[in-house]
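S.K.: The following block contains the structure, expressed as structure tokens.
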Amino acid sequence: MNAIILAAGLGSRFHEITQNNHKALLPIDGIPNIERTIGYLHEFGIEDITIVVGHMHHLFDYLKDKYHVRLIYNEHYADYNNLYSFYKAMDHFSDTYMIDADVVLFRNIFERHIDSCYYVVQRPKSEAKEWCPRVENGRVVEMEITNEEKESMLGISYWKKEDCELIKKCVIEKMNISENYTNPKYYWDNIPLELFNQMKVTVHSVNTDEVDEMDTYENYQDIQIKLEKYKSKSI
């Protein structure tokens, strides 16, 4: 089992803060967020970790010596979507956890799964639309993009080896059409949606008090407060 962390994005919603840094390297409880994720993966038993970098890629170099991770540079991070980032790391996609670098974990939530699995969290109704897996008879049959109060994708998913092969085959086909990797509203996550009838994909619910995502600087500040509340409850 291994892990791929996607960390090539510009983090444009952080404005001037990410002009000289990357949001995945911003500290959470005094530790760069990506190091927290790596630490949880090591604790879980995953040491084969690939990180796709782009914006401020040189700032990630120290991770190679400190954690022996593999860095893959996405030279088109400013122009292509994360399907291209996935494509760059695709050789390592087999029995794999896929992780967005902006996911913040307050504890180790990784678990062993028999089937491919989306990690989901309950979100309140809001103006922002989220990707919400619709489950029937224990398997995901459709992805609803809605702002309704439902469980939605967290930015962590596990893919068993057989399903990885199906996804990789589909990605190779998609990469023959440039619009698939230049469209900013198309993601690597779109690929499995076409394959639900060929795979059994499940969901794993995570408590909303234990995780978050760094989408904006305001959100990042709120996470610091949320983490302190979580730590005080855990004492």
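S.K.: Which of the residues belonging to the range 64-122 are at pLDDT 95 or above, among the aliphatic types (A, V, I, L, M) and loosely packed, with under 15 Cβ neighbours inside 10 Å?
M.R.: Correct list: Ile114 only.
S.K.: Quick one: in the range 147-167, of everything that is buried (at least 17 other Cβ atoms within 10 Å of the Cβ) and touching a residue at least 60 places away in the same chain (Cβ under 8 Å), which residue is farthest from His92 (Cα to Cα)?
M.R.: Ser157
S.K.: Looking only at the range 108-146, which residues are in contact (Cβ under 8 Å) with a residue 60 or more places away in the chain and not hydrophobic (A, V, I, L, M, F, W, C)? Don't jump to the end; show me each part of the working.
M.R.: As a first pass, look at the range 108-146 and keep what is in contact (Cβ under 8 Å) with a residue 60 or more places away in the chain: 108-111, 113, 115-123, 133, 135, 138-140.
Of everything in the range 108-146, those that are in contact (Cβ under 8 Å) with a residue 60 or more places away in the chain and not hydrophobic (A, V, I, L, M, F, W, C) turn out to be Asn108, Glu111, His113, Asp115, Ser116, Tyr118, Tyr119, Gln122, Arg123, Pro133, Gly138, Arg139.
S.K.: Please go through the range 128-160 and give me each residue that is aromatic (Phe, Trp, Tyr) and touching a helix residue (DSSP H, G or I) at 6+ places or on another chain (Cβ under 8 Å), ordered by number.
M.R.: To start, the set of residues in the range 128-160 that are aromatic (Phe, Trp, Tyr) comprises 131, 158-159.
Within the range 128-160, Trp159 is the sole residue that qualifies.
S.K.: How about the range 57-86: which of its residues are out of contact with any Leu (no Cβ under 8 Å at 6 or more places or on another chain), in a strand (DSSP E or B) and not hydroxyl-bearing (Ser, Thr, Tyr)?
M.R.: In the first step, residues of the range 57-86 are kept if they are out of contact with any Leu (no Cβ under 8 Å at 6 or more places or on another chain); the result is 58, 62, 65-68, 70, 72-76, 79-81, 83-84.
Cutting the leftovers down to in a strand (DSSP E or B) gives us 70, 72-73.
Hits for the range 57-86 are Arg70, Ile72.
S.K.: Residues that are small (Gly, Ala, Ser) and surrounded by 14 or more Cβ atoms within 10 Å (Cβ to Cβ): does the range 204-218 have at least one?
M.R.: Checked against the condition, which is being small (Gly, Ala, Ser) and surrounded by 14 or more Cβ atoms within 10 Å (Cβ to Cβ), the range 204-218 yields no hits at all.
S.K.: What do you reckon, is Ala89 part of a strand (DSSP E or B), touching a residue at least 24 places away in the same chain (Cβ under 8 Å), over 21 Å from Asp215 (Cβ atoms) and within 16 Å of the chain's Cα centre (by Cα)?
M.R.: Details: part of a strand (DSSP E or B): no; touching a residue at least 24 places away in the same chain (Cβ under 8 Å): yes; over 21 Å from Asp215 (Cβ atoms): yes; within 16 Å of the chain's Cα centre (by Cα): yes.
No, not satisfied.
The values are calculated or read from the model by the stated rules, or taken from the named source; none is laboratory data. Because the structure is a prediction, the values reported are computed rather than measured. A quick note on method: Cβ atoms are made from the backbone with ideal geometry, for glycine too, and the neighbour counts reach across all protein chains shown.
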